[in-house]
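Novice: Input: one structure, supplied below.
The values are calculated or read from the model by the stated rules, or taken from the named source; none is laboratory data. Values in this document were obtained by computation on a predicted structure and should not be read as measured data. Heads up, the Cβs are rebuilt from the backbone with ideal geometry, glycines too, and the neighbour counts pull from every protein chain shown. The accessibility values were calculated without ligands, DNA or RNA, using every heavy atom of the protein model including side chains. Shrake-Rupley method; radii C 1.70, N 1.55, O 1.52, S 1.80 Å.
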Amino acid sequence: GAGVSQSPRYKVAKRGQDVALRCDPISGHVSLFWYQQALGQGPEFLTYFQNEAQLDKSGLPSDRFFAERPEGSVSTLKIQRTQQEDSAVYLCASSSRTLSYEQYFGPGTRLTVT
Amino acid sequence: AQKVTQAQTEISVVEKEDVTLDCVYETRDTTYYLFWYKQPPSGELVFLIRRNSFDEQNEISGRYSWNFQKSTSSFNFTITASQVVDSAVYFCATKTGANSKLTFGKGITLSVRP
């Protein structure tokens, strides 16, 4: 299994609950990205890590969204006090170089907030 | 800021027909990268191709070919002799040399009927 893995694959949360989504990038990939994909839309950037440093978090929609990658490998995207508009597929991608190389995506976590 | 426009939303063809998926991009950067990804019903984004802005050579890979034209800011994707397994959502995306995030279009849903 050399690809990007994400867990859980599906998550149902009641409005107001906190959720944590996990991403395991391809081994050795220094860059890690989170995207949000609403139904029928293209993925939209949330945040980017190079090793453990979060270099860009401009896409996070509110301060309820928080991401970390403390050891430069596994990353967690946390959403506090979930709202219905947070329902989407959350995609994680990794790449071996920072600027030009392609990003490889995981299967995503489908979050449904009821 | 970058922008990708995929004007076609849904395309339906009969197996063995050729089909072209259009992509128009906008960027102010002189160095940028263009991508196509495939998203089958399983949901995982599959990387298909990356082109650099300084390399306008068209590319062919089996039944797939890509036409990159800087003069019209287009990066179109042609599938020759389409097959049912080609049914998926196809995304065009761009990133610049100065920013690592991918900017996606809204995607084109391709249905190939037997």
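Novice: Give me the one-decimal nm value for the distance between modelled label points at A:Asn51 and B:Thr5, 7 Å along each residue's Cα-to-Cβ direction.
Specialist: In this crude label model, A:Asn51 to B:Thr5 measures out at 4.2 nm.
Novice: With Rg and the Kirkwood Rh both taken from Cα atoms, where does Rg over Rh land for the protein assembly as shown?
Specialist: Rg divided by Rh gives 0.97.
Novice: In nm, to one decimal, how far is the modelled label at A:Ser58 from the one at A:Lys78, with both set 7 Å along Cα→Cβ?
Specialist: 2.6
Novice: Please state, to two decimals, what the Cα-based radius of gyration of chain A comes to when divided by 2.2 N^0.38 Å (N = residues).
Specialist: 0.99
Novice: Let me ask you something else. Which residue, B:Leu21, B:Leu102, B:Leu34, has the most motion in a Gaussian network model of chain B that connects Cα atoms within less than 10 Å?
Specialist: Ranking B:Leu21, B:Leu102, B:Leu34 by mean-square fluctuation puts B:Leu102 first.
Novice: Round to the nearest 0.05 the FRET efficiency obtained for B:Thr30 and A:Ser7 when R0 = 35 Å and r is the Cβ-Cβ distance.
Specialist: 0.30
Novice: Report, in listed order, any pair from A:Lys14/B:Lys3; A:Lys57/B:Lys3; B:Lys70/B:Lys106; A:Lys78/B:Lys95; A:Lys11/A:Lys57 with a Cα-Cα distance greater than 30 Å.
Specialist: Table pairs above 30 Å Cα-Cα are A:Lys14/B:Lys3.
Novice: Report the Cα centroid-to-centroid distance between the stretch B:19-53 and the stretch A:21-67 in angstrom, as an integer.
Specialist: 19
Novice: Something else now. State, in square angstrom and to the nearest 100, the accessible area buried between chains B and A, both chains counted, probe radius 1.4 Å.
Specialist: Summing both chains' loss of accessible area gives about 1700 Å².
Novice: Provide the per residue accessible area, probe 1.4 Å, for chain A, rounded to a whole number of square angstrom.
Specialist: That works out to 49 Å² per residue.
Novice: May I have the convex hull volume per residue, in Å³, for the Cα set of chain B?
Specialist: 93
Novice: I've got another one for you. Across peptide B:43-49, how many C-beta atoms of other chains are within 10 Å of each residue C-beta, on average?
Specialist: 6
Novice: Moving on to the next point. Taking all protein chains in place and a 1.4 Å probe, what share, in percent, of the accessible surface of chain B do carbon and sulfur account for?
Specialist: 47
Novice: Okay, next question. Mind listing, in residue-number order, the residues in the stretch A:41-78 that have at least 50 Å² less accessible area with every protein chain present than in their own chain alone (1.4 Å probe)?
Specialist: The answer is A:Pro43 - residues whose exposure falls by at least 50 Å² when every protein chain is included.
Novice: Now for a separate question. What FRET efficiency comes out for the pair A:Thr112/B:Ser12, r = Cβ-Cβ distance, R0 = 35 Å, nearest 0.05?
Specialist: With R0 = 35 Å, the Cβ-Cβ based efficiency is 0.75.
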